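The structure under discussion appears below in the form of structure tokens.
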Amino acid sequence: MLIFIFFIDCGTREYKLSGDLFIKSEEYEKAAVQFKKWANRDPDNAKAFVSLSVPYYKKDDYKKSAEYLGKAFDIDRDSARKAVGYYENLMKIDNYSWNVLYNGSKDFLNEQQFKIAGELIEKAEEEVTAPKYKAVAYALHGRILMMGKNEEKSLDYLHKALNLDTTNVDAYTYLGEIYAKQNNTEKAIFHLKKAVSLNPEYFTGYKLLGQNYLKAKKYDMAIEILEKASSNITNEPVILYDLAYAYLQKEDYTRAKSIAGKILGLPEVGPNAQAEAYIITGMSDIYSGKYNEAIEALKNAIAADPGNCDSYQLLAHAYNKLGKANLSREFSKKWKKCVAK
């Protein structure tokens, strides 16, 4: 019986040594094969699963890497940490556990697998003491909770992140998103202004801030911020639409129509975006007294997206302005049918 145990130990040791050699030679598929044999043979050995996480980490497959590392921690955290230390020395990297668990959590979050993402980020939080790393983990934890519809608990984690690191852009952004959903526009603007002040090239921050200025009807500020966002990414239909809408509200119909035209000139624009751009064009023409041009634009909006009810109502208004009562009534009926669906 002792001889049998000896051969098992030799076998598992051989798998580890072979796997480590393949890691050194950057043959990660072969390393994974060896470590899987080890883990299958010794499924209660945390070190085997730490080893198995490594080739996937090197291939940037953070989901797999995090799954195996998380399993290692569940089996025996102390033993897993010793194995992690070995691979940090072998690969000359720091904070291996945090990197794997944090990035794995992000990838699971992107697939809306909130439970797994939450479990991994909790493990990541336990693997670091440095305030900046801890704050980054807390911010992601807050994001996971926010997307999982637990906004109150999310707020706790995001504020914890900022208590540790007042320069954490993600925490400010996520707080801005939560307060915007809660229609607390003032707080949303406060936190999003912090985000863009810390990162002046932050496109998403400018987009969200501009949208909140629109909600607050602060059109001059919305235009200023959305112009900055547009200068960073010139072909983003959402930004261009918000900017056109802001100019429309400022009664600068020429500028609003011009930006709507930019949307329609983009190479790949979906039918919803096309319809919204035509509606902005139609509204600009109506307010400018160009009713025939408005009618043409609004018919194009219906052709792009027949389910957008605003087009029918605006057409009814344009025909009414031209004194074409029958056509106005016809499109009023179509509008009522549309909104009733």
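Could you pull out the residue among 106, 92 that is of a type outside the set (A, V, I, L, M, F, W, C) and in contact with a helix residue (DSSP H, G or I) (Cβ under 9 Å, 6 or more places away or on another chain)?
106
Given the conditions (1) closer than 28 Å to residue 19 by Cβ; (2) part of a loop (DSSP other than H, G, I, E, B), which single one is not true for residue 57?
Every listed condition holds for residue 57 apart from (2).
So which of 189, 144 is touching a Gly at 6+ places or on another chain (Cβ under 8 Å), within 16 Å of residue 221 (Cα to Cα) and not charged (D, E, K, R)? Reasoning before the result, please.
Values: 144 fails: within 16 Å of residue 221 (Cα to Cα).
The conditions single out 189.
For residue 30, which of the numbered conditions (1) more than 24 Å from the chain's Cα centre (by Cα); (2) under 30 Å from residue 133 (Cα atoms); (3) assigned to a helix (DSSP H, G or I) fails to hold?
Single failed check for residue 30: (2).
Does residue 303 satisfy being of a type in the set (A, V, I, L, M), part of a helix (DSSP H, G or I) and either buried (at least 16 other Cβ atoms within 10 Å of the Cβ) or in contact (Cβ under 8 Å) with a residue 60 or more places away in the chain (or both)?
Working: of a type in the set (A, V, I, L, M): yes; part of a helix (DSSP H, G or I): yes; either buried (at least 16 other Cβ atoms within 10 Å of the Cβ) or in contact (Cβ under 8 Å) with a residue 60 or more places away in the chain (or both): no.
Against the criterion (of a type in the set (A, V, I, L, M), part of a helix (DSSP H, G or I) and either buried (at least 16 other Cβ atoms within 10 Å of the Cβ) or in contact (Cβ under 8 Å) with a residue 60 or more places away in the chain (or both)), residue 303 does not qualify.
For the list (1) surrounded by 16 or more Cβ atoms within 10 Å (Cβ to Cβ); (2) modelled with pLDDT of 95 or more; (3) closer than 22 Å to residue 102 by Cβ, I need the number of the one condition that residue 163 fails.
It is condition (1) that residue 163 fails.
Go through the range 313-341 and count every residue that is within 34 Å of the chain's Cα centre (by Cα) and part of a helix (DSSP H, G or I).
Adding up the residues that qualify gives 3.
Looking only at the range 43-61, which residues are over 20 Å from residue 105 (Cβ atoms), touching a Phe, Trp or Tyr at 6+ places or on another chain (Cβ under 9 Å) and surrounded by fewer than 18 Cβ atoms within 10 Å (Cβ to Cβ)?
Across the range 43-61, the qualifying residue is only 43.
Which of the residues belonging to the range 220-266 are of a type in the set (Ser, Thr, Tyr) and either farther than 22 Å from residue 290 by Cα or surrounded by 14 or more Cβ atoms within 10 Å (Cβ to Cβ) (or both)?
Within the range 220-266, 230, 231, 234, 241, 245, 247, 253, 258 qualify.
Need a quick list: helices (runs of 4 or more DSSP H) entirely within the range 201-255 having at least 3 residues that are in contact (Cβ under 8 Å) with a residue 12 or more places away in the chain and farther than 19 Å from residue 283 by Cβ.
Ranges flagged: 203-215, 219-232.
Among the residues of the range 92-106, is there at least one that is part of a helix (DSSP H, G or I), among the aliphatic types (A, V, I, L, M) and farther than 21 Å from residue 223 by Cα?
Yes.
For the condition without any contact (Cβ under 8 Å) to a residue 40 or more places away in the chain and over 30 Å from residue 145 (Cβ atoms), what is the one hit in 46, 39?
Of 46, 39, the one residue that is without any contact (Cβ under 8 Å) to a residue 40 or more places away in the chain and over 30 Å from residue 145 (Cβ atoms) is 39.
Hey, does the range 78-86 have a residue that's touching a Leu at 6+ places or on another chain (Cβ under 9 Å) and either over 22 Å from residue 128 (Cβ atoms) or polar (S, T, N, Q) (or both)?
The initial filter retains those residues of the range 78-86 that are touching a Leu at 6+ places or on another chain (Cβ under 9 Å), namely 80, 84.
Checking the rest, the ones that are also either over 22 Å from residue 128 (Cβ atoms) or polar (S, T, N, Q) (or both) come to none.
Scanning the range 78-86, I find no residue that is touching a Leu at 6+ places or on another chain (Cβ under 9 Å) and either over 22 Å from residue 128 (Cβ atoms) or polar (S, T, N, Q) (or both), so the answer is no.
Quick one: which residue in 86, 138, 96 is surrounded by fewer than 20 Cβ atoms within 10 Å (Cβ to Cβ), within 23 Å of residue 68 (Cα to Cα) and of a type in the set (Ser, Thr, Tyr)?
None of the others qualify; the one that does is 86.
Could you grab me the full set of residues in the range 129-157 that are of a type in the set (S, T, N, Q) and farther than 15 Å from residue 175 by Cβ? Full working, then the answer.
Within the range 129-157, the first condition is being of a type in the set (S, T, N, Q), and the residues that meet it are 129, 150, 154.
Passing the criteria: only 129.
The values are calculated or read from the model by the stated rules, or taken from the named source; none is laboratory data. Bear in mind the structure is a predicted one, so any value in this text is a computation, not a measurement. Positions of Cβ are backbone-derived with ideal geometry, glycine not excepted, and every protein chain shown enters the neighbour counts.
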